[in-house]
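Here is the structure we will look at, set down as structure tokens.
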Amino acid sequence: MSLWKLALLIALFNLMTFGNGPVMIPLLQTHLVEGARVLTEDQLLYAFTIARVTPGQANFYVASIGYMLYGMPGAVVATLAIILPGYVMIPLLHGLEHVRDSRWIEGFTKGLTVTSVGLILAAVVQIARATLTQPTAWIVLLTMLVLTQLIKWNIFMALAAVSGLGLLLKWLL
């Protein structure tokens, strides 16, 4: 896969998902991990994790993907592929103001939201099947859920804690 094909793919997926970073994961997984096999599932998850713990847009993990595949030029081109479609959409917003109250537009938006949730859930299930094969992985997952959802830890602190836990369990087991 060439750098320009990657940029076109990222821009297309960004437009299709309206810039929703997590929804792009199953699309990128299908094309880059399963299809072209230019990334491993671990590399894709690593790129996404880096984006989740750093400030900025949720879809900037594609800069990490570009960097993994093509170095600094890849990171720059992938970032531009994420940013530029937003500028194309700005003139379209003017037209949206005229049809915003349309029941059709409202239904489309609700349908798009449900589809996004479905794509994210499908990606979670698919990735979980491939990665949650060891007891250590389950312990780390459940600990992360408890720390972030029940105890409400900062995500960066929870990630550091469960990473340490994973290393400790790997060393002990």
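Every read-out reported here was derived from the displayed coordinates using simple, explicitly stated rules and does not represent laboratory data. Model, not experiment: these values are computed from the prediction. Using ideal geometry, Cβ is built from the backbone for each residue, glycine included, and neighbour counts are taken over all protein chains shown.
What stretch of the chain, leaving out the sites themselves, is the longest with no trypsin sites (Lys or Arg not before Pro) in a DSSP loop having at most 15 other Cβ atoms within 10 Å? After excluding every exposed loop site, the longest remaining stretch is 38-99.
For the pair LEU15 and LEU173, a Förster radius of 35 Å applied to the C-beta separation gives a FRET efficiency near 0.20, rounded to the nearest 0.05. Among the listed values (1) 9, 37, 37, 16, 1; (2) 9, 30, 28, 20, 9, 3, 0; (3) 9, 31, 33, 21, 6, 1, 0, the one matching P(r) over Cα pairs in 10 Å bins from 0, in percent as calculated from this structure is (3). The alpha-carbon of LYS5 sits under 18 angstrom from the alpha-carbons of these aspartates and glutamates, leaving out residues fewer than 8 places away in its chain: GLU34. Shown for THR148, THR79: other C-beta atoms within 10 Å of each C-beta, ranked fewest to most, produce the order THR148, THR79. Taking the square roots of five times each eigenvalue of the Cα gyration tensor of the range 133-173, the equivalent ellipsoid has semi-axes of 19, 11, 6 Å, listed largest first.
Using C-alpha pairs below 8 Å separated by at least 6 residues, the relative contact order for the chain is 20 percent.
Running a GNM on the chain with Cα contacts under 10 Å, which residue among TRP138, TRP153, TRP104 ends up with the highest mean-square fluctuation? Result for the chain, Cα springs under 10 Å: TRP104 fluctuates most. The sum of -39500 (n - 2.57) across all DSSP H runs of n ≥ 4, divided by the residue count of the chain, sets its helix-only mean residue ellipticity at 222 nm to -26000 deg cm²/dmol. When you restrict to C-alpha pairs under 8 Å that are six or more residues apart and normalise by the size of the range 66-160, the relative contact order lands at 9 percent. Over the range 30-100, Cα pairs under 8 Å with separation of 6+ residues give a relative contact order of 18 percent.
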